[in-house]
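J.: Before I ask anything, let me first share the structure, which is written out below as structure tokens.
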Amino acid sequence: MKKIMGLLLTTLLVMSLFVGCGSKEKDAEPTGGNDSNQSSSEKDQGNKGDNSADKPKVGVTIYKFDDNFMTYTRNAMTSAAEGNAELVMNDSQNNQSVQNDQVDVMINKGVKALVINLVDPGAAPTIADKAKAADIPLIFVNKEYPEGTDKIDYDKVWYVGTQSKESGDIQGKLVAEAWKAHPEWDRNGDGVMQYVMLMGEPGHPDAEARTKYSVEYIKDEGIRVEELEKQTGMWDATKGKELMTTWLGKEGDKIEMVLCNNDGMALGVVEALKADGYFSDGKYMPVVGVDAIPEALDLIQQDIMLGTVLNDPLNQGRVSIEMAINSAAGKDVLDGLDFSLDETKAVRIPYQPITKDNLDLAKKAYGME
Ligand code: GAL
Ligand code: CA
């Protein structure tokens, strides 16, 4: 049995490696083709000299393509690279060893900078060692090395993301304010908020901080809470729906609030609630998320979701690529950018609270208007 499992695992790994290479080649080719045409004509007009220095090859990995928020960030990267860099884009399929191999391949292919969305945040030093050995600048994006990017032994490494705690604080504030304005949400009238918590990936700094600080903020507002259920839904709508369905079966009417570490899971939660008769005939459940993806904005517009926290994909995608291009050209990594580095070598893009009152702000950040 063990042997068969081993064989199966190996086969799966080999298959996923193939798929990984396939999607990379597919993505890399058209961009490469367009870019080389475009850059030669740009060169004729300009006086900048070396063509390859103008349009560096930048190697990108995304921890998995099948992630709502990272898809928006990835598209923002592609737009930012247009005319400025040739992107080699990899789907790491949620597998750190696949990602390690992708980095080796890209370094061998001569990329001039790396933009890495880690699978496992703890793998940052391993990737940094590879970049250091090849003397290639490295920008981590979205998943932060938990000990701090400044603790990595390489001078050409930086991070672009957010201040994770801020998203927890903002979500907590949103919930606390709404709870105080709606005494009827305390269904059993015990003066305590009975909540369930859907967490992102364990060990992900965003997931850990959102789980902790949202509830801390609510408590600091003088609201008493009771956690009925808490589990990871891995940022994923399908898993979110499964969890919520189970909890509705188990806890039923006891649940008074649903806190989700991201909107992806909140979408699944809403589906489970709808299947249980919520959001019609006056049956309501407050649900909050983080990211402000367009599907969630839609639910807020319809008074289904209570609110979310804007996690800005356009800026995170754009800034990571521009930092890669700058550092590849030997310029100051923040050249031409309106952001600064904190003491951990990180650019922190601010989060913003989003409710029905300011949906436009989020729509702009997602390029919807
Ligand atoms: C978070 C985001 C999640 C998920 C995760 C992936 O910042 O809120 O939805 O995309 O990043 O690392
Ligand atoms: Ca209660």
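The values are calculated or read from the model by the stated rules, or taken from the named source; none is laboratory data. Predicted, not measured: the structure shown is a model, and the values here were computed from it. No Cβ is skipped: glycine too gets one built from the backbone with ideal geometry, and neighbour counts run over all protein chains shown.
J.: Restricting the range 137-153 to residues that are part of a loop (DSSP other than H, G, I, E, B) and surrounded by fewer than 19 Cβ atoms within 10 Å (Cβ to Cβ), which is farthest from ligand 2 (Cβ to nearest atom)?
T.: Checked the range 137-153; the qualifying residue farthest from ligand 2 (Cβ to nearest atom) is Asp153.
Yes/no matrix, rows are residues, columns are (1) farther than 21 Å from Ala207 by Cα; (2) buried (at least 19 other Cβ atoms within 10 Å of the Cβ); (3) within 16 Å of ligand 1 (Cβ to nearest atom):
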residue	(1), (2), (3)
Ala292	no, yes, yes
Leu306	no, yes, no
Gly317	no, yes, yes
Glu322	yes, yes, no
Asp332	yes, no, no
Ile349	no, yes, yes
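J.: For the range 195-224, which residues satisfy the criterion of being within 12 Å of ligand 1 (Cβ to nearest atom) and more than 16 Å from Asp291 (Cβ to Cβ)?
T.: Gly203, Glu208
J.: Output the qualifying pairs, or none if there are none: Cβ atoms under 7 angstrom, residues six or more apart or on different chains, first residue in the range 260-289 and outside the structural domain of Ala178 (by TED's automatic domain parsing), second residue within 16 Å of ligand 2 (Cβ to nearest atom) and of a type in the set (Gly, Ala, Ser).
T.: Pairs found: none.
J.: May I pose another question? Return the only residue of Val111, Val103 being in contact with a Lys or Arg (Cβ under 6 Å, 6 or more places away or on another chain) and in a loop (DSSP other than H, G, I, E, B).
T.: Answer to the selection: Val111.
J.: Just to be sure I understand, how many residues within the range 346-363 are assigned to a helix (DSSP H, G or I) and touching a residue at least 60 places away in the same chain (Cβ under 8 Å)?
T.: 3
J.: Please count how many residues of the range 243-289 are within 16 Å of ligand 2 (Cβ to nearest atom) and either more than 20 Å from Glu208 (Cα to Cα) or among the polar types (S, T, N, Q) (or both).
T.: Number satisfying all stated conditions: 10.
Conditions (1) part of a helix (DSSP H, G or I); (2) crowded, with 17+ Cβ neighbours inside 10 Å; (3) modelled with pLDDT of 95 or more; (4) under 24 Å from the mean Cα position of the chain (by Cα), marked per residue:
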site: Glu42; (1), (2), (3), (4): yes, no, no, no
site: Met89; (1), (2), (3), (4): no, yes, yes, yes
site: Ala124; (1), (2), (3), (4): yes, yes, yes, yes
site: Ala133; (1), (2), (3), (4): yes, no, yes, no
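J.: In the range 197-220, what residues are within 16 Å of ligand 2 (Cβ to nearest atom) and surrounded by fewer than 22 Cβ atoms within 10 Å (Cβ to Cβ)?
T.: Residues satisfying the conditions are Met197, Lys219.
J.: Looking at the range 162-194 only, could you name the residues that are out of contact with any Leu (no Cβ under 8 Å at 6 or more places or on another chain), aliphatic (A, V, I, L, M) and within 16 Å of ligand 1 (Cβ to nearest atom)?
T.: Passing the criteria: only Ile170.
J.: Return a yes/no flag: does the range 181-198 have any residue that is closer than 19 Å to Ile300 by Cβ and in contact with a Gly (Cβ under 9 Å, 6 or more places away or on another chain).
T.: Checking the range 181-198: at least one residue is closer than 19 Å to Ile300 by Cβ and in contact with a Gly (Cβ under 9 Å, 6 or more places away or on another chain).
J.: Which of the residues belonging to the range 324-347 are basic (Lys, Arg) and within 22 Å of Val88 (Cα to Cα)?
T.: Passing the criteria: only Lys331.
J.: Test of understanding: among Gln194, Gln171, Gln163, which residue is more than 16 Å from ligand 2 (Cβ to nearest atom), within 23 Å of Tyr278 (Cβ to Cβ), in contact (Cβ under 8 Å) with a residue 60 or more places away in the chain and of a type outside the set (A, V, I, L, M, F, W, C)?
T.: Sole residue among the options that is more than 16 Å from ligand 2 (Cβ to nearest atom), within 23 Å of Tyr278 (Cβ to Cβ), in contact (Cβ under 8 Å) with a residue 60 or more places away in the chain and of a type outside the set (A, V, I, L, M, F, W, C): Gln171.
J.: Right, here's the next one. Identify, from the list Gly282, Gly233, the residue that is more than 30 Å from Thr61 (Cβ to Cβ) and either modelled with pLDDT under 95 or crowded, with 23+ Cβ neighbours inside 10 Å (or both).
T.: Going through Gly282, Gly233 in turn, just one is more than 30 Å from Thr61 (Cβ to Cβ) and either modelled with pLDDT under 95 or crowded, with 23+ Cβ neighbours inside 10 Å (or both): Gly282.
J.: Still on this structure: Identify the residue in the range 251-271 that is hydrophobic (A, V, I, L, M, F, W, C) and closer than 11 Å to Lys239 by Cα and, among all such residues, is farthest from the chain's Cα centre (by Cα).
T.: Val269
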